[in-house]
Amino acid sequence: MAYSAKVMDHFENPRNLGKMDDADGVGEVGNAKCGDIMKIYLKIEDGIISDVKFNTFGCASAIATSSMATELIKGQPVEKALELSNKAVVEALDGLPPAKIHCSVLAEEAVKAAVADYYTKNGIELDPEIFGSCNGSCDHCDHCGE
Amino acid sequence: MKTVYVDNAATTAMCPEAIDAMTECMNGAYGNPSSLHHAGQEAASIIVKAREDIAKCLGAEPNEIYFTSGGTEADNWAIRNSARLGAAKNKNHIITTAFEHHAVLHTLKKLEKEGFEVTYLDVSEDGYVTAEQVEKAIKDETCLVTIMYANNEIGTIQPIKEIGAVCKAKGVLFHTDAVQAVGHVAIDVKEQNIDMLSLSAHKFHGPKGTGAFYCRKGISLVGLMQGGAQERNRRPGTENTPAIAGMAAAMKKACAEIDKNAEYVSALRDKIIDSIVEAVPRTRVNGGRSPRLPGNVSFCFEGIEGESLLLYLDLKGICGSSGSACTSGSLDPSHVLLALGLPHEIAHGSLRISLCEYNTEEEADYIIEELPKVVKRLRDMSPVWERIMKEENE
């Protein structure tokens with residue numbers, strides 16, 4: 001199991017790493033028991049993600065996928081961020097080992113969770129077609145054998 | 001960048017003595033040890049000598065030593081043969097521990113499917129089992145007790161002599177996977193009541209892909225494979241003469257210097273453990289401090305995950321391990337740490353540093369300097385650590 005040079009670059013030099021005190025939306029997904037948790041902070045101005053930060057507990061690919069996901073959504077309209085797929089994150093990182101694909105799923109879900117938080121705070125109804133999935137629960141996922 | 005290799009429980013660098021013995025053998029003694037001509041007999045005499053040297057290091061007789069491809073084969077052989085002997089007497093119960101190497105655990109899982117009953121003894125939270133536990137678990141149907149000499153992840157050394165005595169008194173075969181112990185702690189199979197023992201050359205500066213199985217005289221032993229008459233009809237296939245010569249040379253050296261090395265390496269070990277525990281809050285030392293393998297350092301750092309820790313250390317030139325290399329690729333935390341009763345979230349943050357006599361004081365200092373920085377870097381980005389700190393401040 002070897003990581004691509006891009007994964008190692010984002011692991012070594014994570015983009016948008018940090019916390020945000022005045023975030024407009026915060027999403028946290030994952031489970032410490034499974035070995036990875038991602039937390040994404042969004043600053044939103046005029047429907048555009050003007051700033052984004054992340055904190056992650058997890059393996060190198062968890063850190064790299066968080067970093068890449070934040071880079072892909074920064075400066076984008078909120079609706080566009082919701083279209084971010086785990087596949088897009090994997091492709092942008094030049095691939096992930098099969099056992100680590102779940103990290104990219106977590107990154108996608110962390111972005112969705114942060115947007116959901118922003119919508120909820122602003123009284124915008126959540127579309128179940130988009131937000132029907134995880135939001136921090138591990139029930140849907142069997143990667144840690146639970 | 002300088003490489004600080006501290007993953008000696010995964011494998012070791014070969015010692016010059018082993019390399020010399022191997023190259024000499026490859027250059028000169030290329031004959032087949034089964035051939036009657038002088039070229040073959042020259043190779044055969046190398047094997048005879050290697051068997052004597054290895055037997056001597058273990059307090060065994062040369063004809064009790066069988067050469068194998070390594071520890072895994074020896075473990076499989078010991079367990080399979082004992083199960084065969086047990087089945088012939090309607091004894092289908094085996095006792096082991098919950099934190100054995102997979103070479104033992106997976107062989108036993110297979111036997112369970114074949115109708116054997118296996119008792120997995122609980123391990124104490126500091127990583128030991130007792131002879132009393134073994135004694136209580138033995139029943140009329142027990143045909144084998146297999147317990148590792150020293151644990152590969154946390155380094156705890158088990159009370160082998162006492163366990164062996166219990167087995168002897170009850171008439172049950174006793175096997176120990178001594179892959180991590182041979183060459184690092186003094187072993188005497190007779191004095192320690194060991195019926196069978198597995199060892200692997202590359203854990204004590206010998207070559208990879210070679211090992212040995214000690215099986216006490218008087219135990220009926222049948223081979224795992226069919227073929228030629230090598231190893232007294234029990235392990236067919238042309239002998240790996242260079243590897244056997246290299247293993248014997250490495251073992252001879254390791255056993256001759258065992259006390260000196262243990263003293264030096266355990267001082268490095270204790271320095272690293274004491275310094276890191278002092279420098280890094282919420283650090284857990286896995287496994288009791290004594291008796292412990294001279295080179296084993298095992299930590300869990302709360303709030304971070306082991307693989308990223310391992311890879312950040314690698315970027316600084318430090319080659320360690322997160323648990324066992326055999327389990328990497330799996331997403332679950334190590335079965336050894338879970339057997340100690342550690343919660344999953346803490347077991348994820350494990351780091352094993354395994355030292356040998358080639359490591360220097362400067363390397364230990366470098367680890368002591370760099371490791372806390374790496375842990376801090378990961379904690380600073382960890383939502384789990386953020387929560388732990390919040391709870392601490394409340």
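Things worth noting here:
- All told, B:C215 meets the bar of being closer than 23 Å to B:A178 by Cβ, modelled with pLDDT of 95 or more and open to solvent by less than 50 Å² (accessible area, probe 1.4 Å).
- Only one entry in B:G246, B:G237 is without any contact (Cβ under 8 Å) to a residue 24 or more places away in the chain and either more than 23 Å from B:V48 (Cα to Cα) or among the small types (G, A, S) (or both), namely B:G237.
- Any hit, the range B:77-88, residues being among the polar types (S, T, N, Q) and either in contact with a Cys (Cβ under 8 Å, 6 or more places away or on another chain) or farther than 18 Å from B:N233 by Cβ (or both): yes
- Given (1) in a strand (DSSP E or B); (2) open to solvent by less than 20 Å² (accessible area, probe 1.4 Å), number of the condition A:K53 does not satisfy: (2)
- Subset of the range B:174-192 (residues that are open to solvent by 30 Å² or more (accessible area, probe 1.4 Å) and within 13 Å of B:Y214 (Cα to Cα)): B:D188, B:K190
- Top-ranked residue of the range B:1-29 - restricted to ones that are in contact with an Asp or Glu (Cβ under 9 Å, 6 or more places away or on another chain) and assigned to a loop (DSSP other than H, G, I, E, B), ranked as surrounded by the fewest Cβ atoms within 10 Å (Cβ to Cβ): B:K2
- Taking the range B:221-269 as the range and being part of a helix (DSSP H, G or I) and open to solvent by 50 Å² or more (accessible area, probe 1.4 Å) as the test, the residues that pass are B:R232, B:N233, B:K252, B:K253, B:A256, B:D259, B:K260, B:E263, B:Y264, B:A267.
- For the range B:301-320, a tally of residues being more than 10 Å from chain A (Cβ to nearest Cβ) and modelled with pLDDT under 95 returns 0.
- The helices (runs of 4 or more DSSP H) found wholly in the range B:298-389 and carrying at least 1 residues that are of a type in the set (D, E) occupy B:306-315, B:344-347, B:361-380.
- Lone unmet requirement of (1) away from chain B (no Cβ under 14 Å); (2) surrounded by 24 or more Cβ atoms within 10 Å (Cβ to Cβ); (3) β-branched (V, I, T) for A:I48: (2)
- Enumeration of residues in the range B:272-297 that are under 28 Å from B:V182 (Cβ atoms) and in a loop (DSSP other than H, G, I, E, B): B:N286, B:G287, B:G288, B:R289, B:S290, B:P291, B:L293, B:P294, B:G295
- Every pair of residues 6+ apart whose Cβ atoms lie under 6 Å, when the first sits in the range B:334-354 and is more than 12 Å from chain A (Cβ to nearest Cβ) while the second is assigned to a loop (DSSP other than H, G, I, E, B) and acidic (D, E): B:V336/B:E153; B:L340/B:E125; B:G341/B:E125; B:R352/B:E153
- Any hit, the range A:11-23, residues being more than 12 Å from chain B (Cβ to nearest Cβ), crowded, with 21+ Cβ neighbours inside 10 Å and not in a loop (DSSP other than H, G, I, E, B): no
- Condition check for A:A62: within 14 Å of chain B (Cβ to nearest Cβ), within 30 Å of B:H344 (Cβ to Cβ) and not in a loop (DSSP other than H, G, I, E, B): yes
- All of (1) under 29 Å from the mean Cα position of the chain (by Cα); (2) open to solvent by 60 Å² or more (accessible area, probe 1.4 Å) hold for B:A83 with one exception: (2).
- When restricted to residues that are among the hydrophobic types (A, V, I, L, M, F, W, C) and closer than 17 Å to B:G206 by Cα, the range B:66-89 contains 2.
- Residues (more than 8 Å from chain B (Cβ to nearest Cβ), among the hydrophobic types (A, V, I, L, M, F, W, C) and open to solvent by 10 Å² or more (accessible area, probe 1.4 Å)) located in the range A:24-45: A:V26, A:I44
- Counting only residues that are touching a His at 6+ places or on another chain (Cβ under 7 Å) and within 14 Å of A:C59 (Cβ to Cβ), the range A:22-40 holds 2 of them.
The values are calculated or read from the model by the stated rules, or taken from the named source; none is laboratory data. Computed from a predicted model, the values in this text were never measured in an experiment. Cβ sites come from the backbone with ideal geometry, for glycine too, and all protein chains shown count toward neighbours. Calculation scope for accessible area: heavy atoms of the full protein, side chains included, ligands and nucleic acids excluded. Shrake-Rupley method; radii C 1.70, N 1.55, O 1.52, S 1.80 Å.
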